[in-house]
Amino acid sequence: MKEPTLIIMAAGMGSRYGGLKQMDPITDKGEIILDFSLYDAMMAGFKKVVFVIKEEMEEEFRALIDERAGRFLQVDYAFQKLEDLPEGYQVPEGREKPWGTAHAVLSCREKIDGPFAVINADDYYGPGGFQSIYDFLIHNEDGETYSYCMVGFRLENTITENGHVARGVCEIAADGNLTQVTERTKIMRRPEGIAYTEDDGETWNVLPADTTVSMNFWGFTQSMMKEMQARFPAFLDRAMEQDPLKGEFYLPAVADQLIKEGRAAVKVLPTQDKWYGVTYRADKEMVMGALQSMKDKGLYPEKLWK
């Protein structure tokens, strides 16, 4: 079994947050949230990381990564480019938005030769998920169906106090495999509990606090790259017709298609770790306090990359 690679999606801008939140220091040592994910990944066993970034961000990213985590991990960079399309396709006039998370991962296709995990750059996931996913990828291979996995979080551990969030609400079979992920784009704490709305707040639907949700923390064999590549043209055909300027090729949607076709089994790896992120500027102080508290308890060294 080849060593798994960690792919980190870092090409997106933090629109609600108001700036490139991936690069905002979150500790008094100048560390960013991403440093904690890299440290947790390294401690779990990952040795190679590929960052998906915009080409114009390379210099800034290297300044943050190469002399810190880059001294302990093999680091590579892939560029998500709007014009990276199959032969015969062109970028629609006026399109500026990237093609989505599946396209971001596809931009690493020349750098991946084995199993891989995928995370967002601006989320703190905790060490448990990295250990679970590394162990899964090291010990599992495709059989009659593709053998994939996803780290599942408790909904109550993924909510900000400062506004709404988008989460993939999971349905899980008795054998622990994922059957469906439903994107809920507006979930927040309310007096009646954690709830989501689909009509801009006219009505709210309560979700149990222990609902399993996806935080875009996936594990795949190399077969997923081939599947995304094969399915990208069909997505583009639909997008060019229905939503040429904003249509996105989503990673969970490809996984969902493969599950429904009976071609993939996605094992849900539960974690009790609490997610942290700076979805909104007001989140930053709380996240800083939480991570410093973990350092104070000895869960992380005072300086991650000494």
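Of all the listed residues (249, 217, 235), the sole one being out of contact with any Lys or Arg (no Cβ under 6 Å at 6 or more places or on another chain) and in a strand (DSSP E or B) is 217.
Residue count for segment 35-54, restricted to those that are out of contact with any Asp or Glu (no Cβ under 9 Å at 6 or more places or on another chain) and of a type in the set (S, T, N, Q): 0.
Scanning segment 152-171 for residues that are farther than 19 Å from residue 130 by Cα, open to solvent by 40 Å² or more (accessible area, probe 1.4 Å), touching a residue at least 40 places away in the same chain (Cβ under 8 Å) and of a type in the set (D, E, K, R) yields a total of 2. If you take the residues of segment 23-65 that are charged (D, E, K, R) and under 16 Å from the mean Cα position of the chain (by Cα), which of them is farthest from residue 288 (Cα to Cα)? Of everything passing the filter in segment 23-65, 40 is farthest from residue 288 (Cα to Cα). Looking across segment 256-276 at every residue that is among the charged types (D, E, K, R) and assigned to a loop (DSSP other than H, G, I, E, B), the one that is surrounded by the fewest Cβ atoms within 10 Å (Cβ to Cβ) is identified as 261. Screening residue 209 on (1) more than 17 Å from residue 118 (Cβ to Cβ); (2) assigned to a helix (DSSP H, G or I); (3) hydrophobic (A, V, I, L, M, F, W, C) shows it passes everything except condition (2). Pairing each residue of segment 277-306 that is open to solvent by 50 Å² or more (accessible area, probe 1.4 Å) with any residue that is modelled with pLDDT of 95 or more, provided the two are 6+ apart or on different chains, yields C-beta distances under 7 Å for 302/295. Read through the list (1) over 17 Å from the mean Cα position of the chain (by Cα); (2) surrounded by 14 or more Cβ atoms within 10 Å (Cβ to Cβ); (3) at pLDDT 95 or above, then give the number of the only condition that residue 219 fails. Failed condition: (1).
The values are calculated or read from the model by the stated rules, or taken from the named source; none is laboratory data. These figures come from a predicted structure and were not determined experimentally. Note that we place each Cβ from the backbone using ideal geometry, even for glycine, and neighbour counts take in every protein chain shown. Side chains included, ligands, DNA and RNA excluded: accessible areas come from the protein's heavy atoms. Shrake-Rupley method; radii C 1.70, N 1.55, O 1.52, S 1.80 Å.
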